[in-house]
Amino acid sequence: MKIKYLGTAAAEGTPALFCSCEICEKARRLGGKNIRTRSQTLINDDLLIDFPADTYMHVLDYGLDLRKIKTLLITHGHDDHFYPFDLVYRCSPVYAVFPDNGFSKKPLELYLTRNSGKIMRPYFKKEKVKRDKNAININYIKKFKSFVSNGYTVTPLRASHAKFLDPVIYIIQKDNKAVLYAHDSGYFPEDSWNYIRQSKIVFDFVSLDCTSTLKDEAYEYHMGLKACCDVKSRLIKEGGANKNTIFFVNHFSHNGKTVYDDLKPLAEQYGFNVSYDGLEIEF
């Protein structure tokens, strides 16, 4: 399985849009891996997780080919994870031509909770979009109910985040590989822990929310590095991970009080890799 982090920041990016704090100034000065766009991740070139306003930038900078995407998973409806206006451009031949050149138009399978899906309606209504049958299939998901999409078995679990959006984290399985993708979320709710334990899945790859990075008290809504360590320890203790599991921290804010260059050696002490925009991992 191949995973590519396209965007690794929280809502405001790093450096944040209008910010002159110490962390944002340091990121500007250092550049490189310290610059982060809004959260998005690609699996095997055909499954995309989240659809922020920075998607087009990821197309230009990292070779993201949206024509190849068959499955789009949305974690929740905050606009740094779901910017549905740009999906309008898939729905009409005025915006998107699909000639028979290996990219014949087939429906994009979009998966999200019904509460998060509500934010799509104003965009599509405003543009008076009439979706053809080969544009987008909207699939409303339920927590703890698995589904199959283009060869992936996907299970949404309850996230500890903005409850009104009914947010989820995802278990994604294919070809005897299992990924736990946990953004945005604080320390997992107990029903999610129960599902992980009862499923007996051993994850090959785990990506954890670390928005609050150096804030030891961060367990609700988002996590810091300390909470990520507790999640890792519990996963190992309850059999969801082992010595071969690859652990990453991801989704960072300037409010976490650190940049990539400083966080990397600290996170490595606790057995975590640190994501950055454009990073690709194959396992």
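Every number here is computed from the coordinates shown, using simple stated rules; none is lab data. Here the structure is a predicted model, which means the values were calculated and not measured. Positions of Cβ are backbone-derived with ideal geometry, glycine not excepted, and every protein chain shown enters the neighbour counts.
Give me the percent of DSSP beta bridges within the chain that run antiparallel, rounded to the nearest 5.
Here the antiparallel bridges make up roughly 50 percent for the chain.
Could you work out the relative contact order of the chain? I mean the mean sequence separation of Cα pairs under 8 Å and 6+ apart, divided by the number of residues, in percent.
Reported relative contact order: 20 percent.
May I ask for the longest run of the chain untouched by trypsin sites (Lys or Arg not before Pro) that are loop-located per DSSP and have at most 15 neighbouring C-beta atoms (other than their own) within 10 Å?
Answer - 1-117.
Checking the cross-link filter: which aspartates and glutamates have an alpha carbon closer than 18 Å to that of Lys243, excluding same-chain neighbours under 8 positions apart?
Result set, ordered by chain and number: Asp204, Asp230, Glu268, Glu282.
Whole-Hz ³J(HN,Hα) for each residue in region 62-68, computed from phi via Karplus 6.51 cos²θ - 1.76 cosθ + 1.60 with θ = phi - 60°, x for glycine and proline: what do you get?
10, x, 4, 9, 5, 5, 8
Taking θ = phi - 60°, what integer Hz values does the Karplus form 6.51 cos²θ - 1.76 cosθ + 1.60 yield along region 228-243, in sequence order, with x for Gly and Pro?
Couplings: 4, 4, 5, 4, 4, 4, 5, 4, 5, 4, 9, x, x, 8, 9, 5 Hz.
Which Cα, out of Ala9, Asn250, Asn150, lies furthest along the positive dipole direction of the chain (beta carbon charges, K/R +1, D/E -1)?
Looking along the dipole axis, the top candidate is Asn150.
Stokes-Einstein D for the chain at 4 °C, 1.567 mPa s, Kirkwood Rh over Cα pairs, in µm²/s?
Approximately 68 µm²/s, per Stokes-Einstein.
Could you give the angle, 0 to 90 degrees to the nearest 10, between helix 190-199's Cα long axis and the longest principal axis of the Cα atoms of the chain?
80
With each run of n ≥ 4 DSSP H residues scored as -39500 (n - 2.57), what mean residue ellipticity at 222 nm is computed for the chain after dividing by its residue count and rounding to the nearest 500 deg cm²/dmol?
-6000 deg cm²/dmol
Extension gain Glu25-Tyr270, at 0.36 nm per residue separation less the Cα-Cα distance, in nm?
Value of the extension gain: 85.5 nm.
How large is the dipole of the chain about the Cα centre if only Lys and Arg carry +1 and Asp and Glu carry -1, each at its Cβ, rounded to the nearest 20 debye?
The calculated dipole for the chain is roughly 960 debye.
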